[in-house]
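S.K.: Handing you this structure, nothing more for now.
The values are calculated or read from the model by the stated rules, or taken from the named source; none is laboratory data. Bear in mind the structure is a predicted one, so any value in this text is a computation, not a measurement. Cβ coordinates were reconstructed from backbone atoms using ideal geometry, including for glycine residues, and neighbour counts include every protein chain displayed.
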Amino acid sequence: MASSTPAAHPHYDRLIAAARGLPSLRVAVVHPANAASLEAALASASLGLIVPTLVGPRAKIEAAAQEAGIDLSRIAIVDAPHSHAAADAAVAMALRGEVDALMKGSLHTDELMGAVVRREGGLRTSRRISHCFVMDIPGHAQPLIISDAAINIAPTLEEKADIVQNAIDLAHALHMPAVRVAILSATETVNAKVPSTLDAAVLCKMADRSQITGAVLDGPLAMDNAIDAEAARIKGIVSPVAGRANVLIVPDLDAGNMLAKSLTFLGGAYAAGIVLGTKVPVILTSRADSEPARLASCAVASMLAKAGRDKLIKAVG
């Protein structure tokens, strides 16, 4: 594994190693009609992370594989005429218990998520659906979970509470030893003219009242004093979270998307993406993702699925 994952991203090494010790995840790869999406699925399969089923137009999938020199002779294919039909078929497979997770192929995210969030026949649960990036940042002592940078555009306070809880649950599934959540804003003081600071204060009080559980929260915090202990010290912020946050909750999609992409393209970070609050994990990959990031996304889904199984067993037992 060390040969394919640079030493600059050790958090992903540990994550992938942990997931390789779990049973392979049965994954419906939705509309993998190009070489990049096929290679992502097969690289994960070669490490034993997943057992893929390719769902989409058989002729296009086979043509893409032939062009890229990929052997599909041992890979199951479910023929679907187009991307929308592939998304519907994959969701139906998940509902029937035939797969443990979905993985985005070469279709648009909106197409896949449209089938996932459908009220009738989709994969909704009682929890708001949200997205997390698990970021591996060179030189940073711990991975960072960032939410939500891909699904919820301008979440309400109620939706933010679910976004926070989803991120906390993910952190526990990844065996992060202590979960410290920073509710981000442009400033670390409550200001009635900046709505995100009010939401942050309320979310922290909700945690105090056990409406959000499993972590210590603080906010509002600006990005610098959320992750840098010296910045927090200079500003006189005394908090178990300030300077040590490992979960960052952004005020809206614009902020989250820019934060994650800045870390990726300017800071050399890798971003593994996963959708939460669904009946099965949904792996969202991008054409710009590196191979280690794609592998890590599958590893995250595998560990999340195991946490879900453990929770079910505990509830039944």
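Rundown of residues vs (1) without any contact (Cβ under 8 Å) to a residue 24 or more places away in the chain; (2) in contact with a Lys or Arg (Cβ under 9 Å, 6 or more places away or on another chain), yes/no style:
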residue: ILE153; (1), (2): no, no
residue: ALA161; (1), (2): no, yes
residue: ASN166; (1), (2): no, yes
residue: HIS172; (1), (2): no, no
residue: GLU188; (1), (2): no, yes
residue: ALA192; (1), (2): yes, no
residue: ALA201; (1), (2): yes, no
residue: CYS204; (1), (2): yes, no
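S.K.: Looking at LEU304, LEU259, LEU295, LEU248, which is the one that is within 26 Å of ARG14 (Cβ to Cβ) and in a strand (DSSP E or B)?
M.R.: After ruling out the rest, the residue left standing is LEU248.
S.K.: Residues that are of a type in the set (A, V, I, L, M, F, W, C), under 14 Å from ALA301 (Cα atoms) and without any contact (Cβ under 8 Å) to a residue 60 or more places away in the chain, at least 1 per element: which strands (runs of 3 or more DSSP E) completely within segment 1-97 meet that?
M.R.: Result: 50-56.
S.K.: Let me ask you something else. Could you identify the single residue in LEU170, LEU102 that is buried (at least 23 other Cβ atoms within 10 Å of the Cβ) and part of a helix (DSSP H, G or I)?
M.R.: Only one candidate qualifies: LEU170.
S.K.: Kindly list the number of the only condition in (1) outside any strand (DSSP E or B); (2) modelled with pLDDT of 95 or more; (3) not hydrophobic (A, V, I, L, M, F, W, C) that fails for ASP218.
M.R.: With respect to (1) outside any strand (DSSP E or B); (2) modelled with pLDDT of 95 or more; (3) not hydrophobic (A, V, I, L, M, F, W, C), ASP218 is out only on (1).
S.K.: ASP110 passes all but one of (1) within 19 Å of ASP289 (Cβ to Cβ); (2) at pLDDT below 95; (3) not in a helix (DSSP H, G or I); which number fails?
M.R.: (3)
S.K.: Name the residue, out of ALA299, ALA245, that is within 19 Å of VAL179 (Cβ to Cβ) and modelled with pLDDT under 95.
M.R.: Exactly one residue qualifies, and that residue is ALA299.
S.K.: Where residues in segment 267-283 are on the phi < 0 side of the Ramachandran plot, touching a strand residue (DSSP E or B) at 6+ places or on another chain (Cβ under 6 Å) and not in a strand (DSSP E or B), which of them is modelled with the lowest pLDDT?
M.R.: So, considering only residues that are on the phi < 0 side of the Ramachandran plot, touching a strand residue (DSSP E or B) at 6+ places or on another chain (Cβ under 6 Å) and not in a strand (DSSP E or B), the one modelled with the lowest pLDDT is ALA269.
S.K.: Filtering segment 173-213 down to residues that are outside any helix (DSSP H, G or I) and small (Gly, Ala, Ser), which residue is surrounded by the most Cβ atoms within 10 Å (Cβ to Cβ)?
M.R.: So the residue we want is ALA182.
S.K.: What pairs come up if the first residue lies in segment 219-246 and is over 15 Å from ILE145 (Cα atoms) and assigned by TED's automatic domain parsing to the domain that holds ALA171, the second is basic (Lys, Arg) and assigned to a loop (DSSP other than H, G, I, E, B), and their beta carbons are under 8 Å apart, counting only those six or more places apart or on different chains?
M.R.: Short answer, once both residue conditions are applied: ASN225/LYS235; ALA229/ARG244.
S.K.: Quick check: is even one residue across segment 108-123 within 17 Å of the chain's Cα centre (by Cα) and among the basic types (Lys, Arg)?
M.R.: No - not one qualifying residue is present in segment 108-123.
S.K.: Give the residue that is farthest from ILE168 (Cα to Cα), with candidates limited to residues of segment 217-238 that are touching a Lys or Arg at 6+ places or on another chain (Cβ under 9 Å) and crowded, with 18+ Cβ neighbours inside 10 Å.
M.R.: Per the stated criteria, the residue is ALA232.
S.K.: If you check ILE151, ILE146, ILE163, which single one turns out to be outside any loop (DSSP other than H, G, I, E, B) and closer than 14 Å to LEU284 by Cβ?
M.R.: ILE146
S.K.: Another question, if that's okay. Taking THR264 as the residue in question, decide whether it is under 23 Å from the mean Cα position of the chain (by Cα), modelled with pLDDT under 95 and in the same structural domain as ASP162 (by TED's automatic domain parsing).
M.R.: Criteria met by THR264.
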